[in-house]
Amino acid sequence: MATVCGFVERIKYRNEDNGYTVLSLVNEGEEYTLVGNFHYISEGEMVEAVGAMTEHPVYGEQMTVETYEIKTPEDTAAMERYLGSGAIKGVGAALAARIVKRFKADTFRIMEEEPERLSEVKGVSEKMAMAISQQVEQKKEMRQAMMFLQEYGISMNLAAKIYQEYGPRLYGIIKENPYQMADDIPGVGFKMA
């Protein structure tokens, strides 16, 4: 078993039905090709993956991922890269650099706990600060929901529909009355619910 940690540079292929993904992961100048089922992952995220290194006859060396964990960027360069990757709508590379330069290692804490302080950065209004904070929170909640639904064998597309319909309420609905999904969401039948 091998372990690699780095940033998702590019998603080369994704099957939306089952989550099978081929992506390139970069760590300190080295690029790795990872293949496997990734519940919900986007470019710019930091990932630690464990799997077996294999040699594909056409595509060369790649890691077949058995488990992975999405990490919160810890150093300022990682934070800037994540924010500037397009993961947060309205935040490009230049704005990401200004935000991280202002808040340094506290960047994500500020975004989650004191989002109004983002307006201290040139080019960020109070309204935009709240929108950025909301997106960070939604991404976190959606990733958790996708992983939760995948445990029940629900496809990526269907999991996205369920999350879009219910949002964070989905946990309560699944525990109290899972059959409600059959009424509310196209593609979910009585048997699946």
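The values are calculated or read from the model by the stated rules, or taken from the named source; none is laboratory data. Here the structure is a predicted model, which means the values were calculated and not measured. Glycine gets a Cβ as well: all are built from the backbone with ideal geometry, and neighbour counts include every protein chain shown. Quick note on the areas: whole protein, heavy atoms, side chains included, nothing else; ligands and nucleic acids left out. Shrake-Rupley method; radii C 1.70, N 1.55, O 1.52, S 1.80 Å.
May I ask you to verify whether Ile99 is assigned to a helix (DSSP H, G or I), modelled with pLDDT of 90 or more, in contact with a helix residue (DSSP H, G or I) (Cβ under 8 Å, 6 or more places away or on another chain) and farther than 24 Å from Tyr68 by Cβ? Answer is yes for this residue. When you look at Pro168, is it open to solvent by 30 Å² or more (accessible area, probe 1.4 Å), assigned to a loop (DSSP other than H, G, I, E, B) and either more than 18 Å from Tyr40 (Cα to Cα) or touching a residue at least 12 places away in the same chain (Cβ under 8 Å) (or both), yes or no? When the stated conditions are applied, Pro168 does not pass them. Within segment 87-97, the only residue that satisfies the criterion of being closer than 12 Å to Lys139 by Cβ and either in contact with a Pro (Cβ under 8 Å, 6 or more places away or on another chain) or open to solvent by 20 Å² or more (accessible area, probe 1.4 Å) (or both) is Lys89.
A count restricted to segment 131-155 and to residues that are under 13 Å from the mean Cα position of the chain (by Cα) and open to solvent by less than 20 Å² (accessible area, probe 1.4 Å) stands at 3. The residues of segment 11-26 that are surrounded by 13 or more Cβ atoms within 10 Å (Cβ to Cβ) and modelled with pLDDT of 85 or more, listed by number, are Ile11, Lys12, Arg14, Asn15, Tyr20, Thr21, Val22, Leu23, Ser24, Leu25, Val26.
Scanning segment 112-124 for residues that are open to solvent by less than 50 Å² (accessible area, probe 1.4 Å) and under 21 Å from Phe7 (Cβ atoms) turns up nothing. The residue pairs whose first member lies in segment 61-79 and is farther than 21 Å from Ala145 by Cα, whose second member is surrounded by fewer than 18 Cβ atoms within 10 Å (Cβ to Cβ) and among the acidic types (Asp, Glu), and whose beta carbons are closer than 6 Å, counting only pairs six or more residues apart or on different chains, are Glu61/Glu55. The residues on offer are Gly84, Gly36, and the sole one that is at pLDDT 90 or above and open to solvent by less than 70 Å² (accessible area, probe 1.4 Å) is Gly36. Among the criteria (1) part of a helix (DSSP H, G or I); (2) out of contact with any Asp or Glu (no Cβ under 9 Å at 6 or more places or on another chain); (3) under 30 Å from Lys101 (Cβ atoms), the one Val124 does not fulfil is (1).
Can you tell me which residue is nearest to the chain's Cα centre (by Cα) among those in segment 57-74 that are assigned to a loop (DSSP other than H, G, I, E, B) and under 17 Å from Val8 (Cβ atoms)?
The selected residue is Thr72.
Any chance you could count how many residues in segment 102-111 are in contact with a helix residue (DSSP H, G or I) (Cβ under 6 Å, 6 or more places away or on another chain) and open to solvent by less than 40 Å² (accessible area, probe 1.4 Å)?
Residues meeting the conditions: 4.
A count restricted to segment 39-64 and to residues that are open to solvent by 20 Å² or more (accessible area, probe 1.4 Å) and among the β-branched types (Val, Ile, Thr) stands at 4.
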